[in-house]
Amino acid sequence: MTDSKNMFDVIAHNKPPQSFPEEVYNRVLTQLSVDKFLFAPHERISTLMSEGEPICTPFRLKTEEREKVYVFSRPTDFFFNRRLYQQKSSEPISQKFLDSNGNVIDLVEMLVSSPEYTLLTGANHSYGDFLDDIIAKIPPNNLYVRHGIDPYSSMIEMLSKGRVAFYLTYPSIMRSNPEVENLRSYGIAGTPRYEEGHLMCNDLEGSRAFLRAFDDVLMSLYQSGEFVNLAQKYMSEDEWVQLKRIVDSTLLED
């Protein structure tokens, strides 16, 4: 089950994959002959996962809170260097909020410095333990929480139209979007160098059985080199080299 219309269309064979994780899931789920793949809002998926039927959903970060409730696959995708995006037509962030490398030192302090500073986030979305802890401290008037179906493309549109001041996402997602030419971005001091995406399932025997089969196919992609090869056309050279190093040093040793 997914809240991404693009992902749903890929698995339904309505369109080809357009990102690295879509390529990976398409390969794995095709080999597993998955015949039931549904599209629903993020919040609806969260509700359904608590109702007793085996359900899995892609593109999820593994966090301490989620690990108390859900089970996860091996890594299906890697996202490097999440950044804070802002329109170039807006006033740049003051240097007093930036370190010597141009990273935002304290996101909360920066946002509360202006009533016009709003950070766009997704309802029930996790940004990883580090950023989730920071976002939890941001006053409500400095947050815009986006609800609804397939929010990803609409979030970029909201930033581009000036309805919010900032949006946190990855360069790999923004790279193919034409709006990126009109945006500037900042790192957030202390954020992890990369984050792993996973298939996340409710903790039921049916879900665990599916995860075991899913992980077996995923490991075969690691071992054959196909996992790394699929990533190459979607990543910068530096990101791809980092991914290859992670796979060789970590994933193949599991």
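The values are calculated or read from the model by the stated rules, or taken from the named source; none is laboratory data. Bear in mind the structure is a predicted one, so any value in this text is a computation, not a measurement. Every residue, glycine as well, gets a Cβ built from its backbone with ideal geometry; the counts of neighbours run over all protein chains shown.
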Can you name the residue in the range 194-244 that is under 19 Å from the mean Cα position of the chain (by Cα) and of a type in the set (Phe, Trp, Tyr) and is also nearest to residue 24 (Cα to Cα) among such residues?
-> 227
Is there any pair with a first residue in the range 167-193 that is touching a residue at least 40 places away in the same chain (Cβ under 8 Å) and closer than 15 Å to residue 101 by Cα and a second that is among the basic types (Lys, Arg) and surrounded by fewer than 16 Cβ atoms within 10 Å (Cβ to Cβ) whose Cβ atoms are under 6 Å apart and which are 6 or more apart or on different chains, and what are they?
-> 184/88
Give, as residue ranges, the helices (runs of 4 or more DSSP H) completely inside the range 67-164 that count at least 3 residues that are touching a helix residue (DSSP H, G or I) at 6+ places or on another chain (Cβ under 9 Å) and over 29 Å from residue 240 (Cα atoms).
-> 107-112
Scan the range 75-83 and give yes if some residue there is charged (D, E, K, R), touching a Lys or Arg at 6+ places or on another chain (Cβ under 9 Å) and either touching a residue at least 24 places away in the same chain (Cβ under 8 Å) or under 17 Å from residue 125 (Cβ atoms) (or both), otherwise no.
-> no
Taking the range 37-54 and keeping residues hydrophobic (A, V, I, L, M, F, W, C) and either in a loop (DSSP other than H, G, I, E, B) or at pLDDT below 90 (or both) leaves 37, 38, 39, 40, 49
Looking only at the range 12-46, which residues are farther than 16 Å from residue 227 by Cα and of a type in the set (A, V, I, L, M)?
-> 12, 32, 34, 38, 40, 45
Could you tell me which residue of the range 204-247 is nearest to residue 193 (Cα to Cα), considering only residues that are among the acidic types (Asp, Glu) and surrounded by fewer than 13 Cβ atoms within 10 Å (Cβ to Cβ)?
-> 238
Please go through the range 6-36 and pick out each residue that is polar (S, T, N, Q) and assigned to a helix (DSSP H, G or I).
-> 6, 26, 30, 31
Would you check if residue 57 is among the β-branched types (Val, Ile, Thr) and part of a strand (DSSP E or B)?
-> yes
Subset of the range 22-36 [at pLDDT 90 or above and touching a helix residue (DSSP H, G or I) at 6+ places or on another chain (Cβ under 8 Å)] = 22, 23, 24, 25, 26, 27, 28, 29, 31, 32
Is it true that some residue in the range 123-138 is over 19 Å from the mean Cα position of the chain (by Cα), surrounded by 16 or more Cβ atoms within 10 Å (Cβ to Cβ) and outside the structural domain of residue 30 (by TED's automatic domain parsing)?
-> yes
Matching residues in the range 245-254 - criterion: being under 21 Å from the mean Cα position of the chain (by Cα) and in contact (Cβ under 8 Å) with a residue 24 or more places away in the chain | 246, 247, 251
Does the range 30-47 hold any residues that are within 18 Å of residue 211 (Cα to Cα) and either without any contact (Cβ under 8 Å) to a residue 60 or more places away in the chain or not assigned by TED's automatic domain parsing to the domain that holds residue 236 (or both), and which are they?
-> 30, 33, 34, 35, 36, 37, 38, 45
Residue by residue through the range 201-223, note down the ones that are part of a helix (DSSP H, G or I), of a type in the set (D, E, K, R) and closer than 18 Å to residue 60 by Cα.
-> 208, 212, 215
Would you check if there is a residue in the range 188-196 being part of a helix (DSSP H, G or I) and out of contact with any Asp or Glu (no Cβ under 9 Å at 6 or more places or on another chain)?
-> no
